[in-house]
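Notes follow once the structure below has been shown.
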Amino acid sequence: MARSNVLKPEALKPDAREALAGRGGKTAPMAVPVRKKRKRRVLERYSAIMLAGFILLLWQILVPLSGLSEFILPTPAAIVARIVEDFPLLAMHGYVTLFEVLAGFGLGVLIGVPLALAIFYSPPFQSAVYPLLVALQTVPKVALAPLLVLYLGYGWAPKITLAFLIALFPIVIGTVVGLQSLDRNLVDLTRSMGASEWQTFRKVRLPAALPNIFGGCKVAISLSVIGAVIGEYVAAERGLGYLQLQANAQFDTTLNFASVAAISALGVTLFFILSFIESKVVFRRDTAR
Amino acid sequence: MNVASRIAGARVSISGLVKTYQTRDDVDVLALDNIDLTIERGSFVAVVGPSGCGKSTLLSLVAGLVEASDGRIEIDDQHIVNRPHPKIGVVFQSDLLLYWRTVLDNILLPIEIKHLDVKRHIPKAEELLRQVGLKGFGNKYPSELSGGMRQRVAICRALIQEPGLLLMDEPFGALDALTREQMIMDLQEMWTRLGNTVLFITHGIDEAVFLADRVLVMSPRPGRIALDLTIDMPRPRRWSNAHENPGYQGYVRKIREIFEAQGVLVAH
Ligand SMILES: Nc1ncnc2c1ncn2[C@@H]1O[C@H](COP(=O)(O)OP(=O)(O)O)[C@@H](O)[C@H]1O
Ligand SMILES: [Mg+2]
């Protein structure tokens with residue numbers, strides 16, 4: 001059975017709402033991928049690559065014709081050449097940003113999932129914490145960046161905190177929604193078999209919520225990248241955001257674009273890694289056979 | 001382990017059973033009012049009644065899923081208080097199969113939960129699948145099965161532990177008419193072979209009369225037993241000609257009359 005949905009083109013652009021609420025909802029069974037479907041997917045994948053290639057080609061051809069200087073708009077070929085040339089530099093700053101993202105996102109999972117469990121299992125906790133969390137969500141986290149720098153200094157802390165704060169909400173919401181959308185009859189079923197709450201959680205609640213949890217995580221990790229980079233914009237000495245700002249100050253538009261490409265590549269790669277883990281975990285045949 | 005062997009049916013005895021639900025707006029809903037009922041070992045008892053009369057509540061109480069407000073339920077002399085009897089199997093209206101598990105792993109779920117030897121139960125699960133006409137479907141996923149097939153798997157899952165009491169809450173309510181007909185006949189055949197006690201909840205008068213030794217007709221809320229009807233028809237019964245049987249017609253008419261008298265069915 002094909003398990004991988006890593007390369008589904010629609011996975012590239014996660015619609016937050018869909019990712020959070022859509023997959024593995026109340027009763028909709030997760031479709032088991034069939035070979036025919038897979039063929040179509042492959043075709044769709046190539047069509048996306050072809051479209052991207054076409055746009056890049058158009059860009060490549062139109063820039064010299066338009067007479068724009070490379071300080072304004074470099075060609076894709078020039079950007080690629082610059083990426084190759086400055087790869088060590090980009091990688092060095094990329095590692096910094098990667099670390100910030102992973103730390104922020106990791107904290108988001110470590111704190112978000114238990115928080116969601118508490119919200120789910122304790123109604124008093126839910127009525128106290130949930131509204132606060134939603135209120136927190138309406139604060140544009142980006143606006144907190146200067147404050148975080150003020151309080152936490154110029155090092156890792158404000159970037160990780162920003163990435164964490166942005167990641168937290170989708171993870172909590174994804175997990176809570178996943179747990180709440182379970183068919184109540186399923187709980188009756190396991191209880192009728194004599195299951196403890198822990199067994200019901202392990203055998204039914206958690207596996208049923210996993211698609212939503214991963215949906216939340218996938219949104220969160222893309223947002224974490226934004227959080228870390230914004231943190232770097234405000235105050236940093238390292239990181240892709242810092243590199244981009246430097247390039248900007250020096251009118252090095254090619255490096256500026258190269259930084260943007262690196263930031264995007266970072267986000268997309270992390271998203272794909274999560275999708276891959278999801279494909280391994282969500283369909284896992286969880287039993288002693 | 002021989003699955004074809006008969007299962008010792010459980011005896012159910014209910015006395016003075018009352019269930020009141022507390023709702024949010026502090027209006028109590030009296031769902032069941034003073035139910036007295038004894039179900040003999042190995043008998044097939046069907047409960048019919050209008051929607052909302054408390055049929056599912058009765059089943060949940062017997063299953064030990066909700067607590068009675070008053071009265072007493074005993075299964076094989078064991079008092080049921082908010083804790084399921086180990087020897088019951090429950091089938092709900094929806095199959096409630098776990099989509100991430102194969103058919104076989106779904107059937108083995110109760111075995112896992114009870115910490116029994118899963119491997120040792122695989123042949124039994126496969127034999128059950130064979131008996132419901134799903135031989136070789138063990139490694140399929142629920143999404144690859146039709147509604148009727150899925151409900152068959154749900155029945156296998158309920159039977160894997162050889163339950164002395166099989167509780168079924170409108171198990172065929174979500175199926176199309178043709179599939180339902182087949183399932184009704186298959187259930188009769190299976191029960192004749194196993195001989196366990198069955199409490200079968202339905203709103204279908206026809207399937208209740210066809211399947212049961214005894215039909216309990218419930219009144220609209222608060223649920224009471226309005227009629228306790230013993231169905232005296234030889235087995236095996238055949239669905240195709242049951243409707244022409246005068247005895248069958250008589251039972252159905254009696255139940256309809258009760259519903260008409262209660263305003264559940266209104267003649268125009
Ligand atoms: N958990 C509950 N809380 C409050 N009221 C309930 C609950 N479950 C059932 N009821 C009420 O009890 C009555 C009987 O319900 P139920 O047993 O499901 O009926 P049936 O299965 O015959 O359709 C209905 O009026 C229903 O609204
Ligand atoms: Mg019901």
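The values are calculated or read from the model by the stated rules, or taken from the named source; none is laboratory data. Treat the numbers as computed from the prediction; the structure is a model and nothing was measured. Note: ideal-geometry Cβ built from the backbone for every residue, glycine included; neighbour counts use all protein chains shown. To get the accessible areas, we keep the full protein, side chains included, count just its heavy atoms, and leave off ligands, DNA and RNA. Shrake-Rupley method; radii C 1.70, N 1.55, O 1.52, S 1.80 Å.
Odds and ends about this structure:
- The single condition from (1) open to solvent by 50 Å² or more (accessible area, probe 1.4 Å); (2) in contact with a helix residue (DSSP H, G or I) (Cβ under 9 Å, 6 or more places away or on another chain) that A:GLY94 fails is (1).
- Looking only at segment B:9-34, residues that are among the acidic types (Asp, Glu) and under 13 Å from B:THR57 (Cα atoms) come to 1 in all.
- Taken over segment B:211-231, the criterion of being open to solvent by 80 Å² or more (accessible area, probe 1.4 Å) and closer than 13 Å to B:PHE44 by Cβ is satisfied by B:THR230 alone.
- Taking segment B:123-137 as the range and being part of a loop (DSSP other than H, G, I, E, B) and open to solvent by 10 Å² or more (accessible area, probe 1.4 Å) as the test, the residues that pass are B:VAL132, B:GLY133, B:LYS135, B:GLY136, B:PHE137.
- Test: B:PHE172 is in contact (Cβ under 8 Å) with a residue 24 or more places away in the chain, within 16 Å of ligand 2 (Cβ to nearest atom) and more than 10 Å from every other protein chain (Cβ to nearest Cβ): yes
- Residues within segment B:244-263 that are open to solvent by 40 Å² or more (accessible area, probe 1.4 Å) and small (Gly, Ala, Ser), tallied: 2
- Just one of the listed residues (B:THR179, B:THR192) is open to solvent by 50 Å² or more (accessible area, probe 1.4 Å), assigned to a helix (DSSP H, G or I) and of a type outside the set (Asp, Glu), namely B:THR192.
- Helices (runs of 4 or more DSSP H) contained entirely in segment B:22-122, each with at least 3 residues that are open to solvent by less than 70 Å² (accessible area, probe 1.4 Å) and away from chain A (no Cβ under 11 Å): B:55-62
For (1) touching a residue at least 12 places away in the same chain (Cβ under 8 Å); (2) farther than 19 Å from B:VAL252 by Cα; (3) out of contact with any strand residue (DSSP E or B) (no Cβ under 8 Å at 6 or more places or on another chain), each residue gets a yes or a no:
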position: B:PRO163; (1), (2), (3): yes, yes, no
position: B:ASP176; (1), (2), (3): yes, yes, yes
position: B:THR202; (1), (2), (3): yes, no, no
position: B:ILE205; (1), (2), (3): yes, no, no
position: B:ALA208; (1), (2), (3): yes, no, no
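- Criterion: in a helix (DSSP H, G or I), over 30 Å from A:ALA235 (Cβ atoms), small (Gly, Ala, Ser) and within 24 Å of the chain's Cα centre (by Cα) - qualifying residue of A:ALA81, A:ALA91, A:ALA116, A:ALA77: A:ALA116
- Residue that is farthest from the other protein chains (Cβ to nearest Cβ), among those in segment B:138-159 that are assigned to a loop (DSSP other than H, G, I, E, B) and surrounded by 20 or more Cβ atoms within 10 Å (Cβ to Cβ): B:GLY138
- Within segment B:87-109, none of the residues are out of contact with any helix residue (DSSP H, G or I) (no Cβ under 9 Å at 6 or more places or on another chain) and over 22 Å from B:ALA8 (Cα atoms).
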